[in-house]
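Working notes, beginning with the structure itself.
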Amino acid sequence: MVPPDFMTLLPVDAAQQRLFGLAPAIPVEHAPLDDCTGRWLAQPLTARRNQPWASLSAMDGYAIRFAETPGPWLLAGTSSAGDAIPPPLAPGEALRIFTGAPLPPGADAILIQEEAGVAPDDRITMTGEGPGRAGKHVRRAASDFAEGQLLAEAGRTITPALIGLAALAGHGELPVHRRIRIALLSSGDELIPPGAPVPPGKLPSSNAPMLRAMLHGLPVDLSELGNIPDDFDAVKGAMQHAADMGVDILLSTGGASVGDHDLIRPAFTGIGGDLDFWRIRMRPGKPLMAGRLDNMLMLGLPGNPVSAFATATLFLLPLVRHMSGSPAPLPVEVQARLAAPLPATEVRAEYIRAAHENGQVTPVADQDSAAMLALSHANALIRREGSAPALSPGETVPVILL
């Protein structure tokens, strides 16, 4: 039987796109290279210099004219890494050269030192096969990249290798979207700080540290508004404080359902916010909401920890990546073989906690939205569409790796 509120539930993919449409524009800044790993280029990256800056030797040996092989040559000097370009080679001359050193004009090959003999009168002879061709063991000027060359498009993930490339290309900073400012509000009378004594009726706040851990490594500045009791004025005041702080995202957890103590929705509209959507056609995580107040986006996650985890995976993290300039912010799916049967789904899409290994995926036993022990054993979410048939072991399913 289709529940009466089914048509008011927004599909996951539609909700993700609606959420991206609510995101405020984040300005571009130029951040030091050490602060750019894992972020996304906000503008194309071009080279400010040639690399190599001149034609350089790739080996220790002697710079020669290949046409003069097999020699002999008269030793005319030395070139080391860090030296300026030496004077041109005269016919019949060779230059002692070291790896990374510039070649003199006229030289076009390197006779490696293992194949060279040096006579007492500084005559250089070839004792082996020699370079074999012009250009051997030479790194030509600008052969890696040239000044003005496009090195990376906007949207490229900034990896350690790209940082090394940028440094070599003459950059000490990179254009990125500034860090996303997030204020985190945990809602509930029952919440107490982690590690504190737990009296009857109270519960350690687990969502806040979990969400902090999930955001770790993303370009965010996170402020915590604390555990706010189920009091309308208290929740409204905390939200107004976030708006006054100028945060980009007001992130709440808990209080997003329809009970008497679920105050996130009325408190947000109470400070002038516009709710864009509420309730998603997914399990776990149905009571998800999003809206906007001026340049602040509000994202309200459910209070049940597994629901908070699933919705953070599908909405919060993609939102941050999208606002930070990622061209592909949504979770990547892979295909895996089922190791155990799965029953038919109901009308909502389901995200089933599972253990993935070697292309095979096994659902964890406890799928309750508060079962954190089971979640801790999961490293994947099996995505199932609503009203899908039962599946047998060996069938393939789409999986989000965690």
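The values are calculated or read from the model by the stated rules, or taken from the named source; none is laboratory data. A quick note: this is a predicted structure, and the numbers were derived from the prediction, not measured. Cβ coordinates were reconstructed from backbone atoms using ideal geometry, including for glycine residues, and neighbour counts include every protein chain displayed. These accessible areas exclude ligands, DNA and RNA; they are computed on the full protein's heavy atoms, side chains included. Shrake-Rupley method; radii C 1.70, N 1.55, O 1.52, S 1.80 Å.
Per-structure values
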| read-out | value |
| --- | --- |
| Candidate lysines for bridging to Lys202, where Cα separation is under 25 Å - those fewer than 8 sequence places away on the same chain excluded | Lys236, Lys286 |
| Rounded percent of accessible protein surface that carbon and sulfur make up, the range 67-115, 1.4 Å probe | 60 percent |
| Kirkwood Rh and Cα Rg combined as Rg over Rh, evaluated for the range 221-342 | 1.02 |
| The chain: relative contact order as a whole-number percent, Cα under 8 Å and 6+ apart | 16 percent |
| Long-range amide H partners of Ala116 with built H, under 5 Å | Thr127 |
| DSSP beta bridges in the chain [antiparallel fraction, %, rounded to 5] | 65 percent |
| Solvent accessible area, Å² - His241, 1.4 Å probe, full protein context | 100 Å² |
| Kirkwood hydrodynamic radius of the chain, Cα pairs, Å | 25.6 Å |
| GNM result for the chain, Cα springs below 10 Å: residue of Val306, Val247, Val334 fluctuating most strongly | Val334 |
| Other-chain or far-sequence residues with amide H under 5 Å of Val220's (modelled H) | Ile180 |
| Candidates Thr46, Thr311, Thr99: whichever shows maximal mean-square fluctuation once the chain is modelled as a Gaussian network with Cα springs under 10 Å | Thr99 |
| Hz values of 3J(HN,Hα) by residue in the range 348-359 - Karplus curve (6.51, -1.76, 1.60), Gly and Pro given as x | 8, 4, 10, 10, 9, 5, 8, 9, 10, 7, 6, x |
| Positive-end residue, the chain charge dipole about Cα centroid, Cβ charges, pick of Pro91, Phe268, Asn358 | Asn358 |
| Of the GluC sites (Glu not before Pro) in the range 54-129, those whose Cβ has at most 13 other Cβ within 10 Å and which sit in DSSP loop | Glu129 |
| Solvent exposure of the range 203-321 as accessible area per residue, Å², 1.4 Å probe | 35 Å² |
| Percent carbon-and-sulfur accessible area, the range 122-162, ignoring ligands, DNA and RNA, probe 1.4 Å | 44 percent |
| Degrees separating the helix 12-22 axis from the principal Cα axis of the chain, which is the longest one | 70 degrees |
| Prolate/oblate/rounded label for the range 260-402 (Cα gyration tensor, a/c 1.5) | prolate |
| The range 33-177 - Rg and Dmax from Cα coordinates, angstrom | 19.4, 64 |
| Theoretical FRET efficiency, 1/(1+(r/R0)^6), r = Cβ-Cβ of Asp122 and Glu29, R0 56 Å, to 0.05 | 0.45 |
| Gaussian network model of the chain, springs between alpha carbon atoms under 10 Å - residue of Thr37, Thr127, Thr362 with greatest fluctuation | Thr127 |
| In order through the range 102-114: 3J(HN,Hα) via Karplus (6.51 cos²θ - 1.76 cosθ + 1.60), integer Hz, x for Gly, Pro | x, 7, x, x, x, 7, 9, 7, 10, 8, 5, 5, 5 |
| P(r) histogram, all alpha-carbon pairs of the range 9-91 included - 10 Å bins from 0, percent | 10, 24, 16, 14, 12, 10, 9, 4, 0 |
| Unit charges on C-beta of K, R, D, E only; dipole of the chain, Debye | 520 debye |
| Accessible carbon and sulfur surface of the range 332-402 relative to its total accessible area, %, 1.4 Å | 54 percent |
| Sequence-distant residues sharing a close amide H with Ala107 (under 5 Å, placed H) | Leu89 |
| For the chain, with +1 on Lys and Arg beta carbons and -1 on Asp and Glu, the positive-most of Ala142, Val247, Pro200 along the dipole | Ala142 |
| Note, ³J(HN,Hα) from phi for the range 239-251, Karplus 6.51, -1.76, 1.60, rounded to Hz, x at Gly and Pro | 5, 5, 4, 4, 5, 5, 6, x, 6, 7, 10, 9, 10 |
| Within the range 248-402, percent of DSSP bridges classed antiparallel, to nearest 5 | 75 percent |
